[in-house]
Amino acid sequence: MAARSKATRSKGTRSKGARSKGAVGIIGLGIMGGAFAKNLVQAGFRVTGYDIDPARRRAMARAGVTIAPDIAAAAAAAPFLITSLPSAKALRAVVDQVAAAKLEPKIIAEASTFTLEDKIAAEAALKKAGHTLLDTPMSGTGAQAAVKDLVVLASGESKAIKAMRPVLEGFSRVVYDLGVFGNGSRMKYIANLLVAVHNVASAEAMVLGMKAGLDPKQVVEVISAGAGTSRMFEMRAPLMVADRYEPPTMKIEVWRKDMDVIGAFAEDLGVPTPTFSATGPVYAAARSMGLGLQDTGAVCTVLERMAGVTRRKGAAKGPRKTGGGSRRKP
């Protein structure tokens, strides 16, 4: 399903005292949805949100979000709605409640990672109720979401994407219009396949450096400057140095759902994924070690145990950096 690809880069946010840009509702105020909400408030939008977790509701209220009493009220508060949900079951529940509320037509951006079947079913149910659903998963972690470093993979009705673009730009770095509904998810599966691989590869490299007696901090510095780096290495390797994976930017337990979706997608297309498949047992081992609620960077703990690495102070220093100038990546 080849389709055009249009990108629009986000502009800087307005100050908190700026005039409102409009209203938007958000259902699901977790790591990602909460970051959307905070950035939209900062960008000058009136944000109404709902989450089943009272702690998240309190935190978002402090950030300037108006907390709705339920899902229907959050959806009724604005012409645009974003859903950021943890499971397909939660998506079905939200769709049912929005459809049953008999609201004026809404444009709804579904920002989670689910199967195409789940997204298509949601689109059909909402269309029947008079609403337009867009498939808009995000490429980026919770840490990236916090600083507006997300890529929006939007797909669906072009006019609806255009209408909602200012909202999407309010919490992202770049917005792509990928064409027909579902292309956003297809692109997200590819992105997450690479994230899964790069994350474990980063842990593998860090453990190799530790076992070789190199200073982990210097491993990050040197590798980040060279040809072997990746966005995931640059983001997760510092967590591995600190041996600290909380608060998580993506929980290992939640990541399992994404891994299952990607695996099924590739299998349906008959595409072999040997490297991606090799990461599965590492993530599974992390869950079995009780690390499911920690950041996915905690796969480093698994490989450290397998390699017999014991953390100690005063690890040997690697080579010193020489010369001046800015970093360059070949």
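Things to note:
- If you go through region 49-63 and keep only what is surrounded by fewer than 22 Cβ atoms within 10 Å (Cβ to Cβ) and in contact with a strand residue (DSSP E or B) (Cβ under 7 Å, 6 or more places away or on another chain), you end up with R57, A61.
- Which listed residue is at pLDDT 95 or above, over 24 Å from V254 (Cα atoms) and open to solvent by less than 10 Å² (accessible area, probe 1.4 Å), from G156, G170: G170
- Count of region 78-94 residues which are farther than 20 Å from F114 by Cβ and open to solvent by 50 Å² or more (accessible area, probe 1.4 Å): 1
- Screening T141 with (1) at pLDDT below 95; (2) surrounded by fewer than 21 Cβ atoms within 10 Å (Cβ to Cβ); (3) among the hydroxyl-bearing types (S, T, Y) gives one miss only, at (2).
- Members of region 40-73 found to be of a type outside the set (D, E, K, R) and in a strand (DSSP E or B), listed by number: F45, V47, T48, G49, Y50, T66, I67
- Which listed residue is within 25 Å of V147 (Cα to Cα) and at pLDDT below 95, from K321, K317, K329, K313: K329
- Tally of residues being of a type outside the set (K, R) and surrounded by fewer than 15 Cβ atoms within 10 Å (Cβ to Cβ) across region 97-119: 4
- Unique match (being under 12 Å from V200 (Cα atoms), open to solvent by 20 Å² or more (accessible area, probe 1.4 Å) and in contact (Cβ under 8 Å) with a residue 40 or more places away in the chain) among L303, L293: L303
The values are calculated or read from the model by the stated rules, or taken from the named source; none is laboratory data. Just so we're clear, the structure is a prediction, and the values are computed from it rather than from any experiment. Virtual Cβ from ideal backbone geometry, glycine too; neighbours counted across all protein chains shown. Heavy atoms of the whole protein, side chains included, go into the accessibility calculation; ligands, DNA and RNA do not. Shrake-Rupley method; radii C 1.70, N 1.55, O 1.52, S 1.80 Å.
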